[in-house]
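These notes are about the structure you will find just below.
The values are calculated or read from the model by the stated rules, or taken from the named source; none is laboratory data. None of these values were measured; they are calculated from a predicted model. Positions of Cβ are backbone-derived with ideal geometry, glycine not excepted, and every protein chain shown enters the neighbour counts. Just the protein is used for accessible areas: all its heavy atoms, side chains included, with ligands, DNA and RNA removed. Shrake-Rupley method; radii C 1.70, N 1.55, O 1.52, S 1.80 Å.
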Amino acid sequence: MDLAYPFAGRWLVRNSPADRVPSHGTALFATSYAIDFVPVGDTGGTAPLTPRSLVRPEPPGRFPGFGRPVLAPAEGVVVAAHDAEPDHMAYRGLPSIGYALTQRRRAAAGWVALAGNHVLIESRGVVVALCHLRHGTVEVLPGQRVLAGDTIGRCGNSGNSTEPHVHVQAVDSRDIAHATAVPLTFGGRLPRNGEVITAHAP
């Protein structure tokens with residue numbers, strides 16, 4: 001499935017299937033080819049790392065992309081839109097270790113606990129998921145047709161997320177728990193971990 005980037009501006013690539021499959025270390029919930037994009041500032045970094053960052057959780061608003069628009073990466077129909085999950089603190093350093101230890105509990109709770117606020121768009125027979133959106137920012141409803149580049153929400157830190165970012169994956173069914181992962185490209189290529197993408201709205 002070839003998509004447009006679901007954002008404008010500068011974003012850092014993480015957990016890319018160009019580097020390993022399954023990209024997130026598991027095939028659970030059809031995430032084998034999922035990819036993460038972390039919004040960054042002009043220097044290519046996220047929030048400055050401080051001694052406090054290493055020992056305490058941080059408010060998501062400290063990060064440069066919290067609230068940045070998330071765009072539809074393809075024309076299609078919204079088949080699900082969820083906007084009820086709170087944005088939680090961000091975790092780096094020692095707090096990230098404790099947060100990782102609770103991941104099994106979130107996985108056991110199901111798709112929504114992992115995805116947080118999300119939008120599913122069906123396009124050309126494939127369902128594209130955009131996850132971890134900011135609470136209260138989802139702008140679309142099920143049944144609504146969207147064009148590539150339409151704003152569907154804002155970057156947040158809901159669900160299974162250590163800092164504000166957008167998780168993108170494609171699947172062959174609306175039933176995520178029983179779907180099969182579909183490989184993705186963006187503009188005909190798949191970026192690798194550590195690349196900083198500078199994108200313009202479609």
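Of the residues making up the stretch 78-89, those that are part of a loop (DSSP other than H, G, I, E, B) and either polar (S, T, N, Q) or under 16 Å from D150 (Cα atoms) (or both) number 0. Residues that are open to solvent by 40 Å² or more (accessible area, probe 1.4 Å), of a type in the set (A, V, I, L, M) and in contact (Cβ under 8 Å) with a residue 12 or more places away in the chain within the stretch 101-116 comprise just one, V112. Under the condition of being without any contact (Cβ under 8 Å) to a residue 40 or more places away in the chain and assigned to a loop (DSSP other than H, G, I, E, B), the residues counted in the stretch 163-179 number 1. Might you check whether a residue that is among the hydrophobic types (A, V, I, L, M, F, W, C), closer than 30 Å to T50 by Cα and either surrounded by 20 or more Cβ atoms within 10 Å (Cβ to Cβ) or in contact with a helix residue (DSSP H, G or I) (Cβ under 7 Å, 6 or more places away or on another chain) (or both) occurs anywhere in the stretch 76-86? No, there is no match, as no residue in the stretch 76-86 is among the hydrophobic types (A, V, I, L, M, F, W, C), closer than 30 Å to T50 by Cα and either surrounded by 20 or more Cβ atoms within 10 Å (Cβ to Cβ) or in contact with a helix residue (DSSP H, G or I) (Cβ under 7 Å, 6 or more places away or on another chain) (or both). Restricting the stretch 147-189 to residues that are modelled with pLDDT under 95 and among the hydrophobic types (A, V, I, L, M, F, W, C), the residue that is nearest to the chain's Cα centre (by Cα) is I176. Within the stretch 35-70, how many residues are part of a loop (DSSP other than H, G, I, E, B) and not polar (S, T, N, Q)? Looking only at that region, the number is 19.
The set of residues in the stretch 61-77 being out of contact with any Asp or Glu (no Cβ under 8 Å at 6 or more places or on another chain) and closer than 17 Å to A148 by Cβ consists of P69, V70, P73, A74, E75. Residue count for the stretch 47-63, restricted to those that are free of Cβ contacts under 8 Å to residues at least 24 places away in the same chain and of a type outside the set (D, E, K, R): 4.
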